[in-house]
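Comments concern the structure below.
Derivation of every value follows stated rules applied to the coordinates shown; laboratory data play no part. Worth saying up front: this structure is predicted, and the values here are computed from it rather than measured. A quick note on method: Cβ atoms are made from the backbone with ideal geometry, for glycine too, and the neighbour counts reach across all protein chains shown.
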There are 4 protein chains.
Amino acid sequence: MIKAGIIGSTGYAGNEIVRLLLGHKEVEIVWYGSRSYIDQKYAEVYQNFFQIVDAKCMDDNMEELAEQVDVIFTATPQGLCASLVNDDILSKVKIIDLSADFRIKDVNVYEQWYGIEHKSPQYIEEAVYGLCEINREQIKGKRLVANPGCYTTCSILTLYPMVKEGLIDPHSIIIDAKSGTSGAGRGAKVNNLYCEVNENIKAYGVGTHRHTPEIEEQLGYACGEEIKLIFTPHLVPMNRGILVTAYANLKKDVTYEEVKAAYDKYYEKEKFVRVLEKGVCPETRWVEGSNFVDVNFKIEPRTNRLIMMGALDNLVKGAAGQAVQNMNLVFGLDETEGLMQAPMFP
Amino acid sequence: MIKAGIIGSTGYAGNEIVRLLLGHKEVEIVWYGSRSYIDQKYAEVYQNFFQIVDAKCMDDNMEELAEQVDVIFTATPQGLCASLVNDDILSKVKIIDLSADFRIKDVNVYEQWYGIEHKSPQYIEEAVYGLCEINREQIKGKRLVANPGCYTTCSILTLYPMVKEGLIDPHSIIIDAKSGTSGAGRGAKVNNLYCEVNENIKAYGVGTHRHTPEIEEQLGYACGEEIKLIFTPHLVPMNRGILVTAYANLKKDVTYEEVKAAYDKYYEKEKFVRVLEKGVCPETRWVEGSNFVDVNFKIEPRTNRLIMMGALDNLVKGAAGQAVQNMNLVFGLDETEGLMQAPMFP
Amino acid sequence: MIKAGIIGSTGYAGNEIVRLLLGHKEVEIVWYGSRSYIDQKYAEVYQNFFQIVDAKCMDDNMEELAEQVDVIFTATPQGLCASLVNDDILSKVKIIDLSADFRIKDVNVYEQWYGIEHKSPQYIEEAVYGLCEINREQIKGKRLVANPGCYTTCSILTLYPMVKEGLIDPHSIIIDAKSGTSGAGRGAKVNNLYCEVNENIKAYGVGTHRHTPEIEEQLGYACGEEIKLIFTPHLVPMNRGILVTAYANLKKDVTYEEVKAAYDKYYEKEKFVRVLEKGVCPETRWVEGSNFVDVNFKIEPRTNRLIMMGALDNLVKGAAGQAVQNMNLVFGLDETEGLMQAPMFP
Amino acid sequence: MIKAGIIGSTGYAGNEIVRLLLGHKEVEIVWYGSRSYIDQKYAEVYQNFFQIVDAKCMDDNMEELAEQVDVIFTATPQGLCASLVNDDILSKVKIIDLSADFRIKDVNVYEQWYGIEHKSPQYIEEAVYGLCEINREQIKGKRLVANPGCYTTCSILTLYPMVKEGLIDPHSIIIDAKSGTSGAGRGAKVNNLYCEVNENIKAYGVGTHRHTPEIEEQLGYACGEEIKLIFTPHLVPMNRGILVTAYANLKKDVTYEEVKAAYDKYYEKEKFVRVLEKGVCPETRWVEGSNFVDVNFKIEPRTNRLIMMGALDNLVKGAAGQAVQNMNLVFGLDETEGLMQAPMFP
């Protein structure tokens, strides 16, 4: 059995890693890290695990942890993983970092958008960007995986085949994204109170959201040039789910079949990306609780643009599910182990 | 007292007209039309009006109605108003039509997008497009007002000053709109059931939504040329509210102050359009229950685009409130009468 | 014009007092008190009031306030009003206290259930319990009104006629109450985050909720003996609304007509209490945004019990609306002034 | 592999049986019955199963089905299973009936509360009431299982130990239950539309709900005498979950430890019933998506009553999960197979 430790296990993403690993045949969790709840029973913080998880919360001592486990998930705020990791630790355990610390290759871009100093830039080069469907081969066996952001995963997978195949002008991309509230985390903030979120929709971080450079970098690799795009996130009154509606100018006249073929080229064999049937729009309800990403598109001939849509569960494929998928790849397990539950509806 | 009749009073928009007119000093409702509930007490259909409204529902006999009232609101599906109206009726009463029948000047465009034959195209020319802030003077005294659509009102008011002032390229406009579920009406459809809408967000009518040509026509007048744009509506799990996030290419370098000045030029004196302070995004919660539209913008210098946002309550400024505002203009009353309630939060 | 000041104007109840007083013909608000937001614009805290309220938040200096206003609303945590009030202040202004400080006549009961020392028990005797429908005459002209709690108002009005007329055994009363989340206030607590409240229902404060002794005292007056009852509140994923379902043993065989007559005896002439028609259950959606309380009952002959139900908007009749109604009574105004808006649905 | 057929697979309960059986090692689904969607792909009706379930919907021909499968789940309206079943069918397959047809032993009670004639009363005697924790031994090997109702399962499991052990007076029981909206089914009714359910709570079926006699019968067996009780269901704006708050008079003075011991006596070894720790109230969020039932209690010494609470997911332990649990028992499989997923939060 692979032994796993989770730093930041009492956030929503941490809680979801626990749920998924409990259903994973090859892994056992031996360390529930949570600075805020040390010595408190994990099942008191998340009572869904009452009589299922008996452990108490531990601190986030990564040195100690590296002695005890085979893989560490860091589901913590930006900066923490970069401040803890070192050569010794990396020589002993695999790290799946759910924060942004190792996602962006240009440390200046990271420091500019995140507003903090990067504490261990020497590992950025080595870290692999863990978007499994794109970087599968590079992830296998790696010791440091930068697990992509939730908006990022949805945005990139929705746009990737079009950018890669050159069907759209990458400089014309506009991404309008909508997320459920679990993406905002479990911190006690007035803006995330029930009465503030319920019966409301708003854009936020307009022109400044930190997932922007991450999307730009990855899609830039796909088209082989540097790009700038617009990314606008919105907060939706629901617990889970991200929907991306993306717009771009078509480079030439295309048929439905041509665009469909380009999507199929990349996703037909993918277990977790479902290209929907003609005319069917992705909806977050159909992926809830699962690791699936549903994508589809609509050609808008009147304006010669392409509308691309993608939906996923931000806590699964957008965080914990992809982290487990990365772990499976790193350890050479079946990539889908622990992740094949059907979406739960309603 | 002005006597009002409502055809389609048992839909959500009809119900909201009732609520607003009950607070209007110069109007009394004398006809609650509802084909589906004839002879049933209105307050049994909408129990919020128990002990407030004593009337029973009547049929939608517009001839008869024209004898009894001064103004008719038609809050009915497309085609009904056009099939009922005639010279005799128009000579006797004012009509505020909340359907799309008289919104689009080109009857071919109407018939193509709505898929029905227009039964009285002879009145299209005469009808005024009742977007009060734009067409105020033309509305006064008119006998047939085409009350704008909910998405349309929000989209046009968000974009109008930019298009009119030529700050953005009107051929680059992309409108990503999000609406609460009351916009889908009170019909018993599986797709609008609680469990289908809750915990979900989806796009619908992608590239085909009927509000598209209405927005294109009105913004086309503003810039003096025919335009095509993308309009993508989304369904959000909340009762009320529309948020529009619109994108367009800037025609030239602009400062915040220049854009702000352009918005202020059109809206500074408007009672119901609020241009928010710098950096504040419109949110539907802040306009709920009111006739306000909140708008704001963000310059995105990296891509030289402008992001424009607007929020309103789809049942008030997006339907019943604007209808009452139009009625006030038609009859020469204070334009804000019955409409000055502050938004209700939470 | 009556000048009003609000201490605690940035809580949900305070915000609702503002909304209601803005629609009140005889009052103007001159003091928006809020210790947490001093010098910040009120409309920045509650953007629904943008371009409607221009004032900045002030501290909660009651001495100073008493010089400037005719009536003070205290929408603050327990203990604050009792700690601020004094003879001088009471000689200058009317006080409508929305906290529990002056609701319970026995100071020991107050101190036991609230766990704090009462700082001015000398005013308890003088204070009138502001449940307008029961104590109307005593409220008129009073200088200190204890505005009832939200659960309490709903519970008492639902049960009062039955207890007063002796139709039920007051010692058998069980009240199962359900509330929207605005009742929990605007404090930043994990338990009130969107993701914690949404898709959940729970009981809380079982056997210990502080509204219990308040209900017991008032219903005890109605039946002329001391009573103990069970009161169990539940948190419901919605913004506004309280529903009470109450159970009690019938003292004798009764007919629908007899019970109905007892309700009508007390409520037929009441503007804000609506006894629904036979078989219609109160629902919170039909009173939202209004000062109405809907009540009804069902005889359960198989067990010889009576099921009584009541619904109100916790922020209106359960807080701010009743406070305004009390103010109207105190100043001899029309009791319904500023409160006659129809409920808003959906 | 056990072959399973589902009649009524396109209702919410049917959809949940599919989700659970897809994760069950010993079962494959070979018949997706749905009268309304014959020949349509199942994954078009429930797009969560896109690329997971390839089958088309079939009619509800039970004769034919009996030839092809080992077990039939009937997730259909009352009366259908009773009208289809016969000796030949019962000799060939096991039937787990999720409707009420075989739950109530007294056919007169069934016909009175359900208002329909029972078409095959001859099988009532044979059918076992499939409340696994109570009737485990009798269920094993049975060919006709009456799967309990959702409210019923929650109510009985919450009250059973207290009634069985004689700690409460069974004639004093009052059950106040709250349910998410999936319990109302997927039928297109105005009352179940998003805007009607959202921001609302209401009681319904007061004194007349059909789960009442089912609860009374089963708890009557537990105490050995016929009982009548009050059961009041409420509709809550959430998808899943039932919370029961039950009240009864204590027969004698009891301590926390005595009551706890009585609960533990029945549930300590149960996998799916969790007696929570002292002072922790059951909440539906902690059981969502799982087969768990959380129960707890509070002694109310002031009135000498006991407050008992229980929470479950109405689609899992309240329907599909218990049906699978029953199937496991019938076929001699591990009772928990396919049912051990941890609850999903948020």
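Applying a threshold of 23 Å to the alpha-carbon distances of D:Lys119/D:Lys228; B:Lys178/C:Lys189; B:Lys105/B:Lys228; A:Lys251/B:Lys105; A:Lys317/B:Lys189 flags D:Lys119/D:Lys228; B:Lys178/C:Lys189; A:Lys251/B:Lys105; A:Lys317/B:Lys189 as lying beyond it.
The rotation axis that maps chain A onto chain B passes nearest to the beta carbon of this chain A residue, listed with its distance in whole angstrom: A:Asp176, 2. Counting from the shortest, the label point at D:Ser120, 7 Å from Cα toward Cβ, is 6.0, 6.6, 7.6 nm from the same position in each remaining copy.
Averaged over peptide D:186-193, the number of partner chain Cβ atoms lying within 10 Å of each residue's Cβ comes to 6.
What does the net charge come to around D:Lys3 if you take all other residues with beta carbon closer than 15 Å to its beta carbon, with K and R at +1 and D and E at -1? Provide the component values of the computation, followed by the final result.
Details: positive: D:Lys25, D:Lys92, D:Lys94; negative: D:Glu26, D:Glu28, D:Glu64, D:Glu67, D:Asp70.
Neighbourhood net charge equals -2.
Determine the relative contact order of chain A: mean sequence separation of Cα pairs under 8 Å and six or more apart, normalised by residue count, in whole percent. Please report the intermediate quantities before stating the final value.
Numbers: 766 pairs, mean separation 60.9, N = 346.
Relative contact order comes out at 18 percent.
For chain C, the longest principal axis of the C-alpha atoms and the axis of helix C:211-223 are separated by about 60°.
Kindly put A:Met1, A:Met340, B:Met62, C:Met308 in sequence by how many other C-beta atoms sit within 10 Å of each C-beta, fewest to most.
Numbers: A:Met1 10, A:Met340 15, B:Met62 22, C:Met308 27.
By the 10 Å Cβ count, ascending, the order reads A:Met1, A:Met340, B:Met62, C:Met308.
Each copy carries a label point for D:Lys25 at 7 Å from Cα along the beta-carbon vector; from one copy to the others these points are 0.8, 7.7, 7.8 nm apart, nearest first.
Note the direction-averaged projected area, equal to a quarter of the hull surface, for the Cα convex hull of the protein assembly as shown, in nm². Mind dumping the intermediate values first?
Working: hull surface 196.8 nm².
Spelled out: convex hull of the Cα atoms, projected over all directions, averaged, 49.2 nm².
Evaluating kT/(6 pi eta Rh) at 4 °C and 1.567 mPa s, with the Kirkwood radius of chain B over Cα pairs in the Stokes-Einstein relation, gives 63 µm² s⁻¹. From helices alone, chain D scores -8000 deg cm²/dmol at 222 nm; the rule is -39500 (n - 2.57) for each run of n ≥ 4 DSSP H residues, then divide by the residue total. Placing +1 on the Cβ of every Lys and Arg and -1 on the Cβ of every Asp and Glu, with no other charges, gives segment D:91-153 a dipole of roughly 340 debye about its Cα centre. Springs between Cα atoms under 10 Å define the GNM used for chain D, and in it the highest mean-square fluctuation of D:Ile72, D:Ile96, D:Ile134 occurs at D:Ile134.
Across peptide A:246-254, how many C-beta atoms of other chains are within 10 Å of each residue C-beta, on average? Each step should come with its number before you reach the end.
Working: counts 1, 5, 1, 1, 0, 0, 0, 0, 0.
Mean inter-chain Cβ contacts per residue within 10 Å come to 1.
The alpha carbons of segment B:193-267 give a radius of gyration and a Dmax of 16.5, 47 Å, in that order.
To the nearest ten degrees, helix A:256-267 and the longest principal axis of the Cα atoms of chain A are 20 degrees apart. Straight-distance candidates among the aspartates and glutamates for linking to C:Lys252, with alpha-carbon spacing under 16 Å and chain neighbours fewer than 8 residues away dropped: C:Glu165, C:Asp169, C:Glu300.
Tally Lys/Arg at +1 and Asp/Glu at -1 over every other residue whose Cβ is under 12 Å from the Cβ of D:Thr153; what's the total? Provide the component values of the computation, followed by the final result.
On the way: positive: D:Arg103, D:Lys317; negative: D:Glu133, D:Glu214, D:Asp313.
Value of the local net charge: -1.
Using the Cα centre as the reference, give the magnitude of the dipole from point charges on the C-beta atoms of segment B:292-346 (Lys, Arg: +1; Asp, Glu: -1; all else neutral), rounded to the nearest 20 debye.
Values: 4 positive and 6 negative charges, 86 e Å.
The dipole magnitude comes to about 420 debye.
Using the Kirkwood radius built from alpha carbon pairs, what does the Stokes-Einstein equation give as D for segment A:46-164 at 20 °C and 1.002 mPa s, in µm² per second? Intermediate results must be reported in sequence, preceding the final value.
Numbers: Rh = 15.7 Å.
Stokes-Einstein gives a translational diffusion coefficient of 136 µm²/s.
What residue among C:Val244, C:Val287, C:Val93 has the largest mean-square fluctuation in a Gaussian network model of chain C, using Cα springs under 10 Å? Most flexible of the set in this elastic network: C:Val93. Under the classification rounded if a/c is under 1.5, otherwise prolate if a/b is larger than b/c and oblate if not, where does segment D:37-102 fall, given a ≥ b ≥ c as square roots of the Cα gyration tensor eigenvalues? The shape class here is prolate.
Rounded, prolate or oblate: which fits segment B:143-200, taking a ≥ b ≥ c as square roots of the Cα gyration tensor eigenvalues, rounded meaning a/c under 1.5, else prolate when a/b beats b/c? Here segment B:143-200 falls in the oblate category.
If you plug the beta carbon distance of B:Lys252 and A:Ser120 into 1/(1 + (r/R0)^6) with R0 = 30 Å, you get a FRET efficiency near 0.10. Taking the fewest neighbouring Cβ atoms within 10 Å as the starting point, the ordered list for B:Thr10, B:Thr181, A:Thr336 is A:Thr336, B:Thr10, B:Thr181.
Subtract the Cα-Cα distance of C:Asp334 and C:Gln112 from 0.36 nm times their separation in residues, and report this length gain in nm to one decimal. Before the final figure, lay out the partial values.
On the way: separation 222, 0.36 × 222 = 79.92 nm, distance 3.80 nm.
Between C:Asp334 and C:Gln112, full extension yields an extra 76.1 nm.
Using a 10 Å cut-off on Cβ to Cβ distances, tally the other chain neighbours for every residue of A:168-177 and report the average as a whole number. Can you show the working numbers first?
Details: counts 0, 0, 0, 1, 5, 1, 11, 1, 12, 1.
Taking the mean over all residues of the peptide, I get 3.
Charge dipole (Cα centre; +1 on Lys/Arg Cβ, -1 on Asp/Glu Cβ; no other charges) of segment B:43-173 amounts to roughly 440 debye.
Segment D:254-333 and segment A:223-281 have their alpha-carbon centroids 45 Å apart.
In segment A:225-346, one over the average inverse separation of all distinct C-alpha pairs is 15.9 Å, which is the Kirkwood hydrodynamic radius.
Straight-line reach from A:Lys92: taking Cα to Cα under 16 Å and skipping same-chain neighbours fewer than 8 places apart, the aspartates and glutamates in range are A:Glu63, A:Glu64, A:Glu67, A:Asp70, A:Glu126.
Could you pull out the chymotrypsin sites (Phe, Trp or Tyr not before Pro) across segment A:1-39 that fall in loop regions by DSSP (anything but H, G, I, E, B) with no more than 11 other Cβ atoms inside 10 Å? Sparse-neighbourhood loop chymotrypsin sites (Phe, Trp or Tyr not before Pro): none present. Between the C-alpha center of segment A:1-51 and that of segment B:99-173 there is a gap of 56 Å. Pull out a ≥ b ≥ c, the square roots of the eigenvalues of the alpha-carbon gyration tensor of segment D:121-274, then state rounded if a/c is under 1.5, prolate if not and a/b is larger than b/c, and oblate in the remaining case. Cα axes put segment D:121-274 in the oblate bin.
Semi-axes, largest first, in whole Å: what does sqrt of 5 times each Cα gyration tensor eigenvalue give for segment B:84-141?
On the way: eigenvalues 78, 51, 15 Å².
Values for segment B:84-141, descending: 20, 16, 9 Å.
Using the alpha-carbon atoms, what tilt in degrees (0 to 90, nearest 10) does helix B:321-330 show relative to the longest principal axis of chain B? The helix B:321-330 is inclined about 80 degrees to chain B. Considering only D:Gln138, D:Gly187, D:Ile173, the residue lying farthest towards the positive end of the dipole of segment D:136-270 is D:Gly187, judged by Cα position with unit charges set on Cβ.
Take D:Gly141, push a point 7 Å out from Cα through the beta-carbon direction, and compare it with the same point in every other copy: 5.7, 8.6, 9.4 nm, smallest first. Result for chain D in a Gaussian network model with C-alpha springs under 10 Å: among D:Gly14, D:Gly166, D:Gly241, the largest mean-square fluctuation is at D:Gly166.
Among residues other than C:Asp106 whose Cβ falls under 13 Å from its Cβ, what is the net charge (Lys/Arg +1, Asp/Glu -1)?
Numbers: positive: C:Arg103, C:Lys105; negative: C:Glu111, C:Glu125, C:Glu214, C:Glu216, C:Glu217, C:Glu226.
Neighbour charge sum, excluding C:Asp106 itself: -4.
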